[in-house]
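Inspection log for the structure reproduced underneath, given as C-alpha cells.
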Amino acid sequence: MTAVEWVKDAYLNDFDGTNLHELFDKAKEMEKTNLDNKVIHFAEWLTKKHTTVLMTLYKQFEEQYYNEEL
C-alpha cells in the first residue's frame, strides 16, 4: 500500500478530523521508508548483476577522489 493509498483509506474510513497532522506525518514516514527500501533493493540488484562494472567504477572513483584530495 502506498502512502497516498493509506491516507485515502484512513481519511475515508477512520478519520475523525482531530489528527490531520498525525495522518500526514505517518504518510510522510511511510513514503520515506518506501523510498529507502527501493534504494536498498536497487543496490542489492545492482551488486548481484553488475559486479565487474561496479569494481571498475569503484577503481575510477578511488583514483579520481584520492587524486583530487592530494
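Every number in this text was worked out from the coordinates using simple rules, so none of it is lab data. None of these values were measured; they are calculated from a predicted model. When we count neighbours, we look across all protein chains shown, and the Cβ atoms used for this are built from the backbone with ideal geometry, even at glycine.
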Quiz prompt | C-alpha long axis of helix 51-69 to longest principal axis of the chain, angle in ° | solution = 80 degrees
Quiz item: Helix 3-13 versus the longest principal axis of the chain: what angle, 0 to 90°, nearest 10, using Cα atoms?
Solution: 10 degrees
Exercise. Work out the count of Lys pairs in segment 3-69 where the Cα-Cα distance is under 21 Å, with the pair 8 or more places apart or on different chains.
Key: 9
Practice problem: Quick one: order F61, F15 by neighbouring beta-carbon count within 10 Å, fewest to most. | Solution: F61, F15
Exercise. Enumerate the whole-percent occupancy of each 10 Å bin, from 0 to the last occupied one, for all C-alpha pair distances of the chain.
Key: 17, 26, 19, 17, 14, 7, 0
Exercise. For the chain, find the longest principal axis of its Cα atoms and tell me its angle to the long axis of helix 20-49, 0 to 90°, nearest 10.
Key: 30 degrees
